[in-house]
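In what follows, a structure is listed as structure tokens, so that the remarks can point back to it.
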Amino acid sequence: QVQLVESGGGLVQAGGSLRLSCAASARTFGRFAMGWFRQAPGKEREIVAAISWSGGSTFYADSIKGRFTVSRDNAKNTVHLQMNVLNPEDTAVYYCAASWSSAGGVRIEAAAYDYWGQGTQVTVSS
């Protein structure tokens with residue numbers, strides 16, 4: 001069993017920043033590709049960003065490209081999502097997810113992820 005614990009969500013004004021963190025319990029964290037997904041009210045869950053197990057490859061959704069940055073620290077079993085220039089359209093529940101990856105690379109399909117965090121609410125006011 002792998003447990004993912006998220007933190008950093010909250011309320012912020014448009015134009016502000018938040019930093020989400022996800023801590024994993026697995027000692028094999030370094031071989032998990034990691035992803036961030038979000039789900040807004042009335043919308044389907046969508047990929048936000050992803051990062052390979054080595055941290056050398058990343059993916060960003062077009063809607064957030066240039067504003068968000070994903071990173072990981074394998075020594076601390078953590079992954080982060082730095083969110084800048086937030087706007088009300090970014091309001092959603094954000095989920096951390098882990099996918100076992102022996103070959104490396106990013107995963108962008110939700111079905112590829114084996115473990116999910118509980119989700120953390122991000123609300124951006126105008």
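Annotations for the structure displayed:
- Checking Phe37 against (1) modelled with pLDDT under 95; (2) closer than 18 Å to Thr123 by Cα, the condition it does not meet: (1)
- Residues that are at pLDDT 95 or above and among the hydrophobic types (A, V, I, L, M, F, W, C) within region 40-57 comprise Ala40, Ile47, Val48, Ala49, Ala50, Ile51, listed in sequence order.
The values are calculated or read from the model by the stated rules, or taken from the named source; none is laboratory data. Keep in mind it's a predicted model, so treat the numbers as computed, not measured.
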